[in-house]
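**Q** Sharing a structure below in structure tokens format, with a few things to ask.
The values are calculated or read from the model by the stated rules, or taken from the named source; none is laboratory data. No experiment lies behind these values; they were computed from the predicted model shown. Cβ placement follows ideal geometry from the backbone for every residue including glycine, while neighbour counts extend to all protein chains displayed. Surface areas here come from the heavy atoms of the whole protein model, side chains and all, with no ligands, DNA or RNA. Shrake-Rupley method; radii C 1.70, N 1.55, O 1.52, S 1.80 Å.
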Amino acid sequence: PQLGRRDPGGPRCASPWSMLAGAWSPARAEAIGAAFVAAGAPSAGETWARARPRLERYAEAWIAAHARACEATVVLGVAPPELYGRRALCLADRRLHFAALLDRFAAADRDTVTRALAAIDQLPPVDACEQPDASPAAADPARVRERLELREARARATVELDTGDVGAAAAQIERTLARARAADDPALLAEVLLLASAADEVAGRLDAALARAREALRLALEQRQPLVAARATLQVEHLHRRRASLAEAGEDLLRLAETLAQQAGDPPGLRIDLLFGRGLAQYEANRHAEAIATYERLRGIAAAEGLDLDASAALLDLGNSRDALGDYAGARAAYLQGLAEVEPLLGPLHPTLADFHNNLASVSLALADPDAALHHLERSEAIARANFGEVHPTVAGALLQRGSIHAVRGDLGVALAERRQAAALFEQIYGPRHPHVGLARCAAGLDLRELGRHDEALIEVERGAASIAATRPADDCDLLFCTAIRGSLLHALGRDVEAVAALEPALARAATSACVKEQRGELELGLARALYRLRGARERDRILALLAAASREFGPESNAEIERLAAALR
């Protein structure tokens with residue numbers, strides 16, 4: 001043969017396109033596009049216009065990776081057959097995930113369309129198959145076939161979960177988990193356990209989810225699967241945080257996940273998940289400046305990798321962190337930028353936009369701009385109703401926010417009606433003992449207080465606080481909000497001993513919480529009022545200290561009352 005040309009009679013690799021032909025082709029793409037439109041989701045057309053090129057890129061990446069793997073071993077002989085076997089198994093796994101997602105898209109419903117782009121981003125990365133985790137060899141064709149069947153079942157369950165069919169996913173996962181336990185493949189069992197943990201979490205079974213994530217982590221470490229182990233570590237950390245049982249172990253788990261990610265080649269998707277986890281941990285630990293830096297770094301990585309949805313999603317968390325610092329203008333800027341980035345990606349009626357509009361309504365209210373707040377709230381409601389109908393948490397949340405706007409404007413009767421409607425809708429969705437129900441009831445109690453209906457308000461607030469306390473810790477900010485209102489009502493009803501008993505421990509908890517400063521101010525002012533009536537000059541120094549602290553938390557409109565109380569003690 002001529003120099004620089006391969007021998008045409010030498011070993012060859014078959015075209016990998018035939019392996020994808022049944023899953024992806026121009027005709028299949030047209031059929032899926034029609035299924036999206038038929039599903040009736042308001043953003044279906046825009047979603048498919050953005051989904052199709054992503055799917056094409058995934059197919060092309062798979063074809064190129066398969067060709068490289070075969071050529072390296074079969075044609076050039078530079079990679080050993082054992083490595084080619086592992087690469088081929090990894091690529092087969094990716095093909096199964098891809099085919100399962102396309103099958104789901106071909107039978108799309110509204111939830112599938114809504115979650116489609118995020119589900120595409122969840123496809124396992126093809127480039128990880130260059131250096132796949134070790135997997136047990138199996139010369140027996142029956143064993144190879146069994147493992148591929150299990151991987152296909154896992155892939156289909158993953159797609160059901162990612163596209164919103166939680167019931168179908170859970171049943172499929174349990175069947176697959178039983179088969180995986182019976183098979184002699186601990187590495188595959190670790191992957192299925194991690195998926196089962198995610199399904200348990202969605203269903204609210206946090207203890208079961210944590211147990212399965214821990215088992216997945218143990219097996220992945222034993223089998224030297226750094227990628228699976230890193231994801232399992234993140235899941236363990238996340239679940240501990242959700243159960244409020246993390247203590248100081250959270251930082252250790254995040255560091256372990258980072259070390260494992262490095263061992264796995266630091267894939268971009270995992271790096272972004274790590275930063276989302278770290279940012280949330282920092283936010284919940286009241287380290288908001290650090291969280292902002294983390295989310296800004298995350299945005300840079302996601303933009304560099306072309307992961308536009310992750311980059312835009314980080315703006316929601318970035319805005320939340322700025323909001324928590326009291327930087328309402330900065331929060332609004334982040335949310336507005338998020339809207340500007342997300343809408344071209346997802347279309348004007350995608351549910352994700354409702355979250356940005358809802359947060360913009362809240363921060364606009366904090367900036368004393370009720371007109372802007374109402375505008376964003378109406379957009380949030382319109383998007384939620386177009387996608388989900390009337391009975392949905394986003395619709396209930398918009399009603400709750402609308403009540404706040406009317407309260408600021410002084411329309412207390414309207415505010416009360418809307419907050420009670422929000423409470424009833426949340427209760428219809430979640431049942432009576434849910435934090436959202438409790439928060440709406442406490443907000444209604446605030447309106448009743450301002451209307452002078454103190455006895456009725458106290459009943460509403462105590463019911464609300466009980467709903468929150470059923471599932472949230474004692475230092476939860478919504479629970480402290482309810483306690484501040486309850487303390488003021490007890491004071492208004494002449495029950496100051498009870499007011500002090502409620503407000504003192506709440507204020508101690510608020511000192512180390514991540515609650516906004518106005519909440520601490522309400523507790524400080526409420527305790528000062530009750531102590532002044534009970535003990536007067538005998539508690540002069542303490543009351544003055546409480547008033548001074550409250551004056552730093554509030555604006556000038558509240559400082560008038562603080563000054564009156566302070567003057568009476570001087």
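Here's the yes/no breakdown for (1) surrounded by fewer than 19 Cβ atoms within 10 Å (Cβ to Cβ); (2) in a helix (DSSP H, G or I):
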| site | (1), (2) |
| --- | --- |
| Val395 | no, yes |
| Ala398 | no, yes |
| Ile405 | no, yes |
| Gly413 | yes, yes |
| Arg419 | no, yes |
| Ala423 | no, yes |
| Phe426 | no, yes |
| Ile429 | yes, yes |
| Arg433 | yes, no |
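**Q** Return the residues of the stretch 468-483 that are open to solvent by 10 Å² or more (accessible area, probe 1.4 Å) and closer than 23 Å to Asp447 by Cα; say none if nothing qualifies.
**A** Correct list: Ala469, Asp476, Cys477, Asp478, Leu479, Phe481, Thr483.
**Q** Ok, one more. Conditions: (1) more than 18 Å from Ser197 (Cβ to Cβ); (2) in contact with a Leu (Cβ under 8 Å, 6 or more places away or on another chain). Gly306 meets all but one. Number of the miss?
**A** With respect to (1) more than 18 Å from Ser197 (Cβ to Cβ); (2) in contact with a Leu (Cβ under 8 Å, 6 or more places away or on another chain), Gly306 is out only on (2).
**Q** Here is a further query. Every residue in the stretch 186-227 that is in a loop (DSSP other than H, G, I, E, B) and either of a type in the set (A, V, I, L, M) or closer than 20 Å to Ala264 by Cα (or both), please.
**A** Ala203, Gln223, Arg224, Gln225
**Q** If you don't mind, another one. Scan Arg542, Arg538 and give me the residue that is part of a helix (DSSP H, G or I), at pLDDT below 85 and open to solvent by 10 Å² or more (accessible area, probe 1.4 Å).
**A** Arg538
**Q** Do we have any residue at all in the stretch 465-483 that's part of a helix (DSSP H, G or I), in contact with a helix residue (DSSP H, G or I) (Cβ under 9 Å, 6 or more places away or on another chain), in contact (Cβ under 8 Å) with a residue 40 or more places away in the chain and among the polar types (S, T, N, Q)?
**A** Yes, the conditions are met somewhere in the stretch 465-483.
**Q** Quick one: count up the residues across the stretch 313-372 that are small (Gly, Ala, Ser), in a helix (DSSP H, G or I), at pLDDT below 90 and open to solvent by less than 40 Å² (accessible area, probe 1.4 Å).
**A** Matching residues across the stretch 313-372 total 2.
**Q** Please go through the stretch 470-495 and pick out each residue that is out of contact with any Pro (no Cβ under 9 Å at 6 or more places or on another chain) and of a type in the set (A, V, I, L, M, F, W, C).
**A** Cys477, Leu480, Phe481, Cys482, Ala484, Ile485, Leu489, Leu490, Ala492, Leu493
**Q** Still on this structure: When the residues of the stretch 8-42 are filtered to those that are closer than 12 Å to Phe105 by Cα and in a loop (DSSP other than H, G, I, E, B), which remaining residue is modelled with the highest pLDDT?
**A** Among them, the one singled out is Trp24.
**Q** Tell me the residue from Leu336, Leu349, Leu318, Leu353 that is in contact (Cβ under 8 Å) with a residue 12 or more places away in the chain and out of contact with any helix residue (DSSP H, G or I) (no Cβ under 6 Å at 6 or more places or on another chain), please.
**A** When all the criteria are applied, what remains is Leu336.
**Q** Restricting to the stretch 69-108, name every residue that is more than 14 Å from Pro125 (Cβ to Cβ), charged (D, E, K, R) and either modelled with pLDDT of 90 or more or surrounded by 20 or more Cβ atoms within 10 Å (Cβ to Cβ) (or both).
**A** Across the stretch 69-108, the qualifying residues are Asp103, Arg104.
**Q** Can you pull out every residue in the stretch 69-123 that is assigned to a loop (DSSP other than H, G, I, E, B) and touching a residue at least 60 places away in the same chain (Cβ under 8 Å)?
**A** Within the stretch 69-123, Ala107, Ala108, Asp109, Leu123 meet the criteria.
**Q** Show the residue pairs that are 6+ apart or on different chains and have beta-carbon atoms under 6 Å apart, the first residue being within the stretch 378-389 and on the phi < 0 side of the Ramachandran plot, the second being not aliphatic (A, V, I, L, M).
**A** Arg379/His357; Ser380/His357; Ser380/Asn358; Ala384/His392; Ala384/Thr394; Ala386/Pro42; Asn387/Pro351
**Q** Next question, about the same structure. Filter the stretch 140-150 for residues that are assigned to a helix (DSSP H, G or I) and at pLDDT below 85; which is surrounded by the most Cβ atoms within 10 Å (Cβ to Cβ)?
**A** Within the stretch 140-150, the match that is surrounded by the most Cβ atoms within 10 Å (Cβ to Cβ) is Arg147.
Residue-wise test of (1) free of Cβ contacts under 8 Å to residues at least 24 places away in the same chain; (2) more than 24 Å from Leu489 (Cα to Cα); (3) touching a Ser or Thr at 6+ places or on another chain (Cβ under 6 Å).
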site: Leu400; (1), (2), (3): no, no, no
site: Ala407; (1), (2), (3): no, no, no
site: Leu412; (1), (2), (3): no, no, no
site: Ala417; (1), (2), (3): yes, no, no
site: Arg420; (1), (2), (3): no, no, no
site: Gly431; (1), (2), (3): yes, yes, no
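**Q** Something else about it: Return yes when Ala293 is in a helix (DSSP H, G or I), surrounded by fewer than 18 Cβ atoms within 10 Å (Cβ to Cβ) and at pLDDT 90 or above and no when it is not.
**A** Against the criterion (in a helix (DSSP H, G or I), surrounded by fewer than 18 Cβ atoms within 10 Å (Cβ to Cβ) and at pLDDT 90 or above), Ala293 qualifies.
**Q** Hey, can you tell me all the residues within the stretch 157-176 that are among the charged types (D, E, K, R) and either without any contact (Cβ under 8 Å) to a residue 40 or more places away in the chain or part of a helix (DSSP H, G or I) (or both)?
**A** Result: Glu160, Asp162, Glu174, Arg175.
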